[in-house]
1. Carbon and sulfur together cover what percent of the accessible area of segment 241-316 at a 1.4 Å probe radius?
2. Quick one: compute the contact order of segment 131-225, relative version, from alpha carbon pairs under 8 angstrom and 6+ residues apart, as a percent.
3. For residue 120, list long-range residues whose amide hydrogen, built 1.01 Å from N in the peptide plane, is under 5 Å from its own amide hydrogen.
4. Which value, in Å², gives the accessible area per residue of the chain when a 1.4 Å probe is used on the protein heavy atoms?
5. Can you pick out the pairs among 222/249; 222/268; 222/258; 128/280 whose Cα atoms lie more than 31 Å from each other?
6. Give the ranking of 57, 304, 281 by solvent-accessible surface, highest area first, calculated with a 1.4 Å probe.
7. Computed from the coordinates I sent, semi-axes √(5λ) of the Cα gyration tensor in Å equals one of (1) 47, 21, 17; (2) 37, 20, 18; (3) 36, 26, 17. Tell me the label.
8. Of the trypsin sites (Lys or Arg not before Pro) in segment 34-126, which ones lie in a loop per DSSP and count no more than 16 other C-beta atoms within 10 Å?
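The values are calculated or read from the model by the stated rules, or taken from the named source; none is laboratory data. Quick caveat: nothing in here was measured; it's all calculated off a predicted structure. Positions of Cβ are generated from backbone atoms using ideal geometry, with glycine treated the same way; all protein chains shown enter the neighbour counts. These area figures cover heavy atoms from the full protein model, side chains too; ligands, DNA and RNA do not enter into them. Shrake-Rupley method; radii C 1.70, N 1.55, O 1.52, S 1.80 Å.
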Amino acid sequence: MKEQELTLGEELRRQGISRRSFLKFCAAVASSMAIPASMVPAMAESLAKARRQSVIWMSYQECTGCIESLTRSYTPTLESMLFNFISLDYQHALQAAAGRQAEDALHQAMEDNWGEYLVIADGSIPLKDDGVYSTVDGHTNLESIKEVAEGAAAIIAIGTCAAYGGVGAAKPNPTGAVGVDQIITDKPILNVPGCPPMPEVMTGVLTSYLAFGRLPDVDSKKRPLAFFGDTIHDRCYRRPYYDLGLYAKSFDDEGARKGWCLYELGCKGPITYNACATTKWNQGTSWPVQSGHGCIGCSEPNFWDKDSFYKPLSAGQWGSAEGIAIAAAAGVAAGAAAAVVSRKHQDNLAGGNKS
């Protein structure tokens, strides 16, 4: 049997990976995606029967931060994903090929896996002046995304730029940058925003797709509910101080040293949906708020243009009446009111699209 024809289970056994280790891996992924423990055996069985998924990663107007983040994943590691779970057939930063050889590999992968390959896109796509501001091999990003999307089974927009336009679309948006779902409307699309996204979120949605053959359930912004169903504020360990009305006034005052809430220093956690507070970064070591800096809201649309990162929500431009109500709240009673408003918003999000 040729190596590329092996199922994931057969390949893992060939490498000496035990079923026990495989089940522990599945349990870790299931936990990160809020999948019940009772589903782990079924997830493991489905994954074991799957074959390596062809993945085509397209990079557009971006900074390489998203793929850099992915290389830091530890559950699973990038090496495990590449050698055991997926076939990464095209990715500018990681592939050995260059020039014509690289482009030939892209088109060969599309031809060999037509209708079944998964497209990952990072970076915004310029539309102004027919998209001439970003090209590869003489083709604009706009032409490229339309071409690769045609034969894709699904598309994952990685990073805030690919999801919403991000920094590339910041005012005055000189290139007319937009997110992927503003161009492609006839394919299942998952948005995984963040600047950059968390590595375990990226590998988690990939593993979920392999296990279940579809994109996970999403909110109204096409984000996976497993990772974007709660606000940073909902899960923040500083939340009790918020409820008590105890706020740091500067980054080096007594309140900051005691771990008080960073709302008055501009933290956007109350209206930012992401898994930073629970998944954390660098193998679960820490995350921005734990390191003493407020959330900047990087997984939300237009975060770059919504005033200073250091201005309290109630004094800034983070927009909705709900957001201002949450941000203006203080003390125990206000904290309870904020939780109600936040939960109502989550219920609305949960009523969003499902892939």
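1. The nonpolar share, carbon plus sulfur, comes to 52 percent.
2. Reported as a whole number, the value is 24 percent.
3. 56, 57, 58, 156
4. 45
5. Working: 222/249 36 Å; 222/268 21 Å; 222/258 37 Å; 128/280 37 Å.
In this structure, 222/249; 222/258; 128/280 lie more than 31 Å apart at Cα.
6. 304, 281, 57
7. Entry (3).
8. Working: sites: 49, 51, 52, 72, 100; in loops: 52, 72.
Sites meeting the loop and neighbour criteria: 72.
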